[in-house]
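Here is the structure we will look at.
The values are calculated or read from the model by the stated rules, or taken from the named source; none is laboratory data. Remember, it's a predicted structure, so these values are computed and weren't measured experimentally. Using ideal geometry, Cβ is built from the backbone for each residue, glycine included, and neighbour counts are taken over all protein chains shown.
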Amino acid sequence: MPGGEAEGLFASYPVRRLEAEVLIDALCQIPGTSESYSSPIPEPFTFLPDTQRAVSLGDGSISSPFLEMFGRPPRDTGLESERNNASSDSQRMHMLNSSHVQAKIRNGPRMRKLLDDNKGQPGAMVTALYLAILSRPPAGGEAATAADYLHPSSGGNVRGAAEDLAWALVNSKEFLHRH
């Protein structure tokens with residue numbers, strides 16, 4: 001079946017990047033952090049609690065730099081075509097290099113608890129990180145490679161190595177895209 005015909009018959013699910021709201025909510029949920037949102041329009045309900053999830057933001061004027069960078073539409077028309085889900089270089093650079101994502105991984109209370117609960121157990125820490133971030137246990141090769149990287153005898157900082165692993169998983173195609 002040629003590619004166009006297969007797509008027309010829904011023979012497979014197209015891989016798509018997560019929407020901006022879903023991505024920031026996932027980036028906040030995993031480490032247990034929050035995101036602040038604001039609105040340039042003074043309205044009675046422009047104050048949002050820290051627990052507010054981006055997927056439940058009803059007003060298009062309430063936004064954040066992350067949501068704007070990752071293609072959240074202003075909701076002027078209500079059409080799906082208003083949303084831009086194409087990956088861009090600035091999005092990739094933000095996920096790879098930003099202090100925003102790094103601070104969420106490093107300072108999140110859930111992430112600290114996960115790392116503290118599995119301290120001294122590289123295999124358990126790898127499994128816990130995979131379950132928390134990708135919602136699946138690591139495959140055999142992944143588990144062995146990551147556990148070797150986290151093992152204290154490798155001479156590095158175990159906590160820093162675990163944060164590196166979490167950062168790598170958050171930047172994986174499996175995390176950033178719908179399959």
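When G4, G60 are checked against the criterion of being part of a helix (DSSP H, G or I), at pLDDT below 75, more than 21 Å from V170 (Cα to Cα) and not hydroxyl-bearing (S, T, Y), G4 stands alone in meeting it.
Please verify whether S99 is under 21 Å from S172 (Cα atoms), modelled with pLDDT of 80 or more, surrounded by fewer than 12 Cβ atoms within 10 Å (Cβ to Cβ) and not aromatic (F, W, Y), treating the condition exactly as stated. Walk me through it before giving the result.
Details: under 21 Å from S172 (Cα atoms): yes; modelled with pLDDT of 80 or more: yes; surrounded by fewer than 12 Cβ atoms within 10 Å (Cβ to Cβ): yes; not aromatic (F, W, Y): yes.
Yes, satisfied.
Just to be sure before I move on: is A11 surrounded by 14 or more Cβ atoms within 10 Å (Cβ to Cβ) and at pLDDT 80 or above in the structure I sent? Walk me through how you get there before you give the answer.
On the way: surrounded by 14 or more Cβ atoms within 10 Å (Cβ to Cβ): no; at pLDDT 80 or above: yes.
It is false that A11 is surrounded by 14 or more Cβ atoms within 10 Å (Cβ to Cβ) and at pLDDT 80 or above.
Somewhere in region 36-44, is a residue at pLDDT 85 or above and either aromatic (F, W, Y) or surrounded by fewer than 15 Cβ atoms within 10 Å (Cβ to Cβ) (or both)? No: region 36-44 contains no residue that is at pLDDT 85 or above and either aromatic (F, W, Y) or surrounded by fewer than 15 Cβ atoms within 10 Å (Cβ to Cβ) (or both).
Restricting A146, A124 to residues that are part of a helix (DSSP H, G or I), surrounded by fewer than 16 Cβ atoms within 10 Å (Cβ to Cβ) and of a type in the set (G, A, S) narrows the list to A124. When restricted to residues that are buried (at least 16 other Cβ atoms within 10 Å of the Cβ) and not in a helix (DSSP H, G or I), region 102-121 contains 2.
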